[in-house]
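A short worksheet on the structure shown next.
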Amino acid sequence: GLIDSVVHSTTELPVNRYLRTVGLEAVKTADTSRAAATLGVVLTGNGSEPAIRQVLPDGPAARAGLDINDGLMALDGHAVRGDSLTALLRGYQPGQTVQLQIRRWNQPRTVAVTLAGDGNLLWTVRPLPKPTAAQRKAFAAWLGTPLPTR
């Protein structure tokens, strides 16, 4: 059903299909004023050497050749511990290149990774430019107030 298709998928939700029924639309824009640096990985483990659980496709880690189960030892000489990666990355900007010390098959190595922006996205929900009478009626029935105009 719908719930399983959402929970067990990485497909983007058809948000606008549902919002249009009540005369609304969602508009996605990038917020470059708050872009944070990212490696494009999901880590596992809270110990002294977290491992990569997932490498995001086309992200900095994927481009640098990092792989699942690589252990993250340090970023520019700063030890990576459990949840410290996010805090360490706050000191960097997208586009900077860092030296990442990893452990692969029990062998330490250093990999240069050029950080990307995390793609801070802003979603704005706004009324459609020309909602139909049916959409206005559905909005009013849903929220008990008239659909605002743009």
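The values are calculated or read from the model by the stated rules, or taken from the named source; none is laboratory data. Predicted model, so just to flag it, every value in this text is computed and none were measured. For accessibility, only protein heavy atoms count, side chains too; no ligands or nucleic acids. Shrake-Rupley method; radii C 1.70, N 1.55, O 1.52, S 1.80 Å.
Tabulated values for the structure
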read-out: Cα gyration tensor, the range 46-101 - rounded (a/c under 1.5), prolate or oblate; value: oblate
read-out: Sequence-separation-based contact order of the range 15-110, relative, with Cα cut under 8 Å and 6+ spacing, percent; value: 24
read-out: Ranked order, Trp142, Trp105, Trp123 - accessible area, probe 1.4 Å, largest first; value: Trp105, Trp142, Trp123
read-out: Accessible solvent surface per residue of the range 57-150, calculated while the other protein chains remain in place, 1.4 angstrom probe, Å²; value: 64
read-out: Solvent exposure, largest accessible area first (probe 1.4 Å, DNA, RNA and ligands not counted), of Arg90, Arg53; value: Arg90, Arg53
